Amino acid sequence: MSDRELLSRIVFDNKVVAGKPVIKGTRLAVEYILNLLAHGETAIGILKEYEGLIPEDVQACLLFASRSMASTAFMPLAMEPCE
């Protein structure tokens with residue numbers, strides 16, 4: 001599946017999850033899927049838990065996050081004390 005096809009699986013609707021990006025046809029926010037992955041859940045585990053999702057949905061979330069981060073400037077969240 002091309003990047004364009006993957007990204008078409010992510011949609012925005014102000015009436016669904018307060019306009020956050022979600023997997024098309026669901027109320028599953030990209031943020032939620034990424035959080036599951038960040039806390040150790042596997043793509044296979046997510047697919048088992050949420051019937052109807054396909055592997056490309058998880059892949060689309062990762063690509064969306066990657067593209068979103070590419071144009072973001074970063075600042076440290078917290079400064080470490082000088083020693």
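Here the stretch 1-14 is the region considered, the condition is being part of a helix (DSSP H, G or I) and of a type in the set (Asp, Glu), and the residue that is surrounded by the most Cβ atoms within 10 Å (Cβ to Cβ) is 3. The set of residues in the stretch 60-72 being within 20 Å of residue 1 (Cα to Cα) and exposed (fewer than 15 other Cβ atoms within 10 Å of the Cβ) consists of 66, 67, 68. When residue 45 is tested against the conditions (1) closer than 19 Å to residue 69 by Cβ; (2) surrounded by 12 or more Cβ atoms within 10 Å (Cβ to Cβ); (3) free of Cβ contacts under 8 Å to residues at least 40 places away in the same chain, the lone failure is (1). Are any residues in the stretch 39-70 of a type in the set (Ser, Thr, Tyr) and closer than 11 Å to residue 10 by Cβ, and if so, which ones? The one that is of a type in the set (Ser, Thr, Tyr) and closer than 11 Å to residue 10 by Cβ: 68. The set of residues in the stretch 48-83 being in a helix (DSSP H, G or I), in contact with a helix residue (DSSP H, G or I) (Cβ under 8 Å, 6 or more places away or on another chain) and without any contact (Cβ under 8 Å) to a residue 40 or more places away in the chain consists of 55, 58, 62, 65.
Yes/no matrix, rows are residues, columns are (1) out of contact with any His (no Cβ under 7 Å at 6 or more places or on another chain); (2) on the phi > 0 side of the Ramachandran plot; (3) charged (D, E, K, R); (4) at pLDDT below 95:
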residue: 5; (1), (2), (3), (4): yes, no, yes, no
residue: 10; (1), (2), (3), (4): yes, no, no, no
residue: 29; (1), (2), (3), (4): yes, no, no, no
residue: 33; (1), (2), (3), (4): yes, no, no, no
residue: 36; (1), (2), (3), (4): yes, no, no, no
residue: 39; (1), (2), (3), (4): yes, no, no, no
residue: 50; (1), (2), (3), (4): yes, no, no, no
residue: 56; (1), (2), (3), (4): yes, no, yes, no
residue: 69; (1), (2), (3), (4): yes, no, no, yes
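Scanning the stretch 48-59 for residues that are surrounded by 10 or more Cβ atoms within 10 Å (Cβ to Cβ) and farther than 25 Å from residue 4 by Cβ turns up 48, 49. On the stretch given as the stretch 15-31, residues that are part of a loop (DSSP other than H, G, I, E, B) and among the small types (Gly, Ala, Ser) total 1.
Restricting the stretch 17-42 to residues that are exposed (fewer than 15 other Cβ atoms within 10 Å of the Cβ) and among the aliphatic types (A, V, I, L, M), which is nearest to residue 63 (Cα to Cα)? Looking at residues that are exposed (fewer than 15 other Cβ atoms within 10 Å of the Cβ) and among the aliphatic types (A, V, I, L, M), I get 38.
The values are calculated or read from the model by the stated rules, or taken from the named source; none is laboratory data. From a predicted model like this one, the values you see are computed outputs, not experimental measurements. Please note: Cβ atoms are built from the backbone with ideal geometry, for glycine as well, and neighbour counts cover all protein chains shown.
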